[in-house]
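Note sheet for the following structure.
The values are calculated or read from the model by the stated rules, or taken from the named source; none is laboratory data. What you see is a predicted model, and the numbers here were worked out from it, not measured in a lab. When we count neighbours, we look across all protein chains shown, and the Cβ atoms used for this are built from the backbone with ideal geometry, even at glycine.
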Amino acid sequence: MRKCSIEEIIGLINQEKCFEAVSEDYSFTLKIEEYVPFVCGAVHDGHQFRKSLWDNCLHTEYERWYEEDPSTKQMIQSFPIVIAGSDSRFEYDLNRPPETAIFDTAWGKQLWKNTLPENEIQLSLKKHENFYKVTHALIAKLTSKLQNVLVFDMHSYNWKRWDREVPVWNLGTINVDNTRFGSLIESWRIKLESIKLPNGIETTSKINDTFQGNGYFLKYITNNFKNTLVLATEISKIYCDELTGVVFPEVVRAVEEQLKVLIPEMVDEFERADL
């Protein structure tokens, strides 16, 4: 992996080069092994939190980890195109639009001891902007070359905070064209439900049960590129202990290995579909 400026990364994409890069400020990574009609994204995988914010932050490292999506990049790391955030959503949230990407409060708790200085706000917003410059260049290149593009938008959520039974997998679809893509969405739901997990975990999958797919990553791609389907795919944190921060590697590995089979199957269906 090499460190690249945003301009260098976009230049490599425009030239259809294969590469693996980290942005020069280490805020996100992008791997392109081949220009294929699908992208895997993990915008909330990151846990980095820049040092200049530490003393002003009221949330502990664990509280930040609890609301992030640990291990989501690992679940999709084997695929040809993977883009992932490296910074914590508590620094700036890549799945929110710029105007709400920097939290004042987070999940009911004030985030900052003192109001964030303007220079800190602008630094975070620049990182957000750069990520979407690269996302735009990537999807533009793929749609111009391959026409229809499928995006697996991977997230996780805390199931123990719900006071009812919730699914292992949730697909958020209210911001995609369900008339056009409904059968493909249902096919992906069925595939996810087929995943076998260790430790006696029963796999369930539902559509718009816990979350509806309101994320900015999905909306940005969907609104800017009509020949795309973004599958906002959330796994409940059955792969870790939400209350201690311990990750269960055997569960993460099981998900990763089975997605190696199911994602290519889904891509094949997407390419064969009459869209």
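Table for the structure above
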item	result
Segment 135-165, subset of a type in the set (Gly, Ala, Ser) and part of a helix (DSSP H, G or I), residue farthest from Ile238 (Cα to Cα)	Ser144
From the options Thr203, Thr173, Thr244, Thr222, residue that is out of contact with any His (no Cβ under 8 Å at 6 or more places or on another chain), modelled with pLDDT under 95 and among the β-branched types (Val, Ile, Thr)	Thr244
Residue that is nearest to Glu265 (Cα to Cα), among those in segment 61-102 that are in contact (Cβ under 8 Å) with a residue 12 or more places away in the chain and among the β-branched types (Val, Ile, Thr)	Ile76
Residues located in segment 225-257, provided they are touching a residue at least 24 places away in the same chain (Cβ under 8 Å) and β-branched (Val, Ile, Thr)	Thr228, Val230, Thr233, Ile235, Ile238, Val247, Val251, Val252, Val255
Single residue of segment 21-73 satisfying the filter (of a type in the set (Val, Ile, Thr), within 21 Å of Asn130 (Cα to Cα) and over 15 Å from the mean Cα position of the chain (by Cα)) that is surrounded by the fewest Cβ atoms within 10 Å (Cβ to Cβ)	Val22
Counted residues, segment 77-120 - those being among the hydroxyl-bearing types (Ser, Thr, Tyr), surrounded by fewer than 17 Cβ atoms within 10 Å (Cβ to Cβ) and in a loop (DSSP other than H, G, I, E, B)	2
Unique residue being basic (Lys, Arg), buried (at least 18 other Cβ atoms within 10 Å of the Cβ) and touching a residue at least 60 places away in the same chain (Cβ under 8 Å) when the list is Lys191, Lys260	Lys191
Number of positions in segment 182-239 that are of a type in the set (Ser, Thr, Tyr), part of a strand (DSSP E or B) and touching a Pro at 6+ places or on another chain (Cβ under 9 Å)	2
Filter pass, Ile83 being touching a Gly at 6+ places or on another chain (Cβ under 7 Å) and either more than 22 Å from Asn158 (Cα to Cα) or among the aliphatic types (A, V, I, L, M) (or both)	yes
